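Got a structure here, written out as structure tokens. Questions coming.
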Amino acid sequence: MPERFFLSEMEEMTGIAVSECYQCFRCTNGCPAARDMDIVPHRIIGYIISGERECVLSSAGLWACLQCAACSIRCPNGIDVARIFTVLRRMSVESGLAAQTNIHEFDTLMVESIARHGHMYELGTVMRYRLSRRELLKSYRMGIGMIKKRRIGLFPHNVADRNNIRSIIKKTGGRGK
Ligand code: SF4
Ligand code: SF4
């Protein structure tokens, strides 16, 4: 059933005038992940406007988004569709409607790593993710190969001024520690 407050909730939360969308499809036409989405970007925006909260928050397409921002750049109305997708992902997890949670779990660990070290410590992040899913040995050969080729480091290197990075993460709603 449509929820009449979904649009105003989204506009308030993102500061974006979602209601100004006139369904021109430009966001979807430029989206490299649209073919993998059950609901493509312009339709997500359309469903927000018509109040289809459950349909939007349970969409698997939210998790196919690559956060490339092509949609936001192409929108003639300046609607930051990529940011809307980010906010929707968070809302879908919080509401228990998320079609999948593994990407959210990895994103959370990645942001925590950036807050701790000032950049992403790849090995530590992947190991924490694998441990949380009880699949520590999955892809370990590939990991060893990447370490040998120096594609990823064995130990983290901390950026000197991490406080600025932490405050940016906090401002954008992530965990700053
Ligand atoms: S490009 Fe902008 S105006 Fe066009 S459908 Fe997408 S969000 Fe709406
Ligand atoms: S940010 Fe997401 S929705 Fe927008 S164009 Fe890129 S993949 Fe598509």
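Just so it is clear, none of the values below were taken in a lab; they were calculated from the coordinates. Worth saying up front: this structure is predicted, and the values here are computed from it rather than measured. Methodologically, a virtual Cβ is constructed for each residue, glycine included, from the backbone with ideal geometry; neighbour enumeration extends over all protein chains shown.
Which angle from 0 to 90°, rounded to the nearest 10, does the C-alpha axis of helix 162-171 make with the longest principal axis of the chain?
Orientation of helix 162-171: about 30 degrees from the principal axis.
Are there cysteines in the chain with no other Cys C-beta under 4.7 Å, and if so, which?
Cysteines lacking a close Cβ partner in the chain: 21, 24, 31, 55, 65, 68, 75.
Then there's this: Using only DSSP helix segments of four residues or longer, with each worth -39500 (n - 2.57), what per-residue ellipticity at 222 nm results for the chain after dividing by its residue count and rounding to 500?
-15000 deg cm²/dmol
Across segment 29-46, in residue order, what do the Karplus-derived ³J(HN,Hα) couplings come to in whole Hz, using 6.51 cos²θ - 1.76 cosθ + 1.60 with θ = phi - 60° and x for Gly and Pro?
Result, rounded to whole Hz: 4, x, 8, x, 9, 4, 5, 9, 9, 6, 10, 7, x, 5, 6, 4, 4, x.
Further, regarding this structure: Kindly provide the chymotrypsin sites (Phe, Trp or Tyr not before Pro) of segment 71-160 that DSSP labels as loop, not H, G, I, E or B, and whose Cβ sees at most 13 other Cβ atoms within 10 Å.
none
Using the Karplus curve 6.51 cos²θ - 1.76 cosθ + 1.60 with θ = phi - 60°, work out ³J(HN,Hα) for each residue of segment 78-95 in order, rounded to whole Hz, and write x for Gly and Pro.
In residue order, the calculated couplings are x, 7, 7, 5, 4, 5, 4, 4, 4, 5, 5, 4, 4, 5, 5, 5, 5, 8 Hz.
With θ set to phi - 60°, apply the Karplus curve 6.51 cos²θ - 1.76 cosθ + 1.60 along segment 148-156 and write out the HN-Hα couplings as whole Hz, x wherever there is a Gly or Pro.
Going residue by residue, I get 4, 7, 6, 6, 10, x, 6, 10, x Hz, with x marking Gly and Pro.
May I pose another question? With all pairs of different alpha carbon atoms counted, what Kirkwood hydrodynamic radius in Å does the chain show?
Over the chain, the inverse of the mean reciprocal pair distance is 17.9 Å.
State the Kirkwood hydrodynamic radius of segment 102-171 in Å, one decimal place, computed from all pairs of distinct Cα atoms.
Computed over segment 102-171, the radius equals 12.9 Å.
Further question: What is segment 30-177's relative contact order, in percent, from Cα pairs under 8 angstrom and six or more apart in sequence?
This gives 19 percent for segment 30-177.
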